[in-house]
Amino acid sequence: MPRFYHPPIHASVKKITNTVLVVCASALLCAGAHAETLTPEQVADVYLQMIVKQDDESFKRYTDYMTAGRQLTDQQRADQTAAQEAPRKMLDSMIDAAKRSNRPREVTDAYIEVLRKMSDATRRSECHATGRSPNTTPESAQSTTSIHYACKVVDIGSVMKSVPGPEKARNAAKGIQAVVEYSQTLAVRIASAAPDKQVEGDLPLVHSDVIDRWIANPEPVFENIRSAMLGQK
């Protein structure tokens, strides 16, 4: 394989999702009293849509739930904005880094297109809550419930396996063309792939009477969806 071949795509996706997780998790701490009344299943759907769609509508629903009935400080508004902009900024930073690399321009452009298509594929995921298993923690004022969810995701792992890797070329020019064609084919197949791989999991929710919110840690959902998409499970 040519020496200028792009770095593993799996690592790129993990970097994006982990960055989104950190910013979103900080925004969760902005919760206040008098939230919109939602069932735990509905709250889980809010989180699930925010995680996979990463668009204005899903972030607005999340923000409305987390901030209803209270006046936000400037810092809390900044946290909410940061959470909403994190996916785009992370992808932009990876694209900028790719452009600064010493790879041939054709290879860089093709690699960037693969990144964009993988980001789009994540947003095509279809997730929803399917039920719950209530559990009360007697030693605290908090109650917990585990929400079952199901997602259909694009099986990027299978797509990658279906595209033959670039063959070893006799010279640099042919090597560049081989890598470009591989990346272009991969991007096209990811773009056309339907979310047909089923993945299931549980999203634990914790309710606190102090802040009157159901809150969750999105990390297990991120990891579950990412692993399923990349064929790691």
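The values are calculated or read from the model by the stated rules, or taken from the named source; none is laboratory data. All values reported here derive from a predicted model rather than from experimental measurement. With ideal geometry, Cβ positions are generated from the backbone for all residues, glycine too; neighbour counts draw on all protein chains shown.
Descriptive notes on the structure:
- Test result for D79, more than 13 Å from the chain's Cα centre (by Cα), at pLDDT 70 or above and surrounded by 13 or more Cβ atoms within 10 Å (Cβ to Cβ): yes
- Filtered residues of the stretch 35-57 (kept if among the aliphatic types (A, V, I, L, M), closer than 16 Å to R132 by Cβ and over 15 Å from the mean Cα position of the chain (by Cα)): L38, V43, A44
- Applying the set (1) over 16 Å from A110 (Cα atoms); (2) at pLDDT 95 or above to A187 leaves exactly one unmet item: (1).
- Against the test of being at pLDDT 85 or above, assigned to a helix (DSSP H, G or I) and either over 23 Å from L203 (Cβ atoms) or small (G, A, S) (or both), the options K89, K117 yield a single qualifying residue, K117.
- If you check S133, S58 for being at pLDDT below 90, under 26 Å from D212 (Cβ atoms), surrounded by 20 or more Cβ atoms within 10 Å (Cβ to Cβ) and not acidic (D, E), only one passes: S58.
- Residue check, D96 exposed (fewer than 13 other Cβ atoms within 10 Å of the Cβ) and at pLDDT below 90: no
- So H34, is it at pLDDT below 50 and in contact with a Gly (Cβ under 6 Å, 6 or more places away or on another chain): yes
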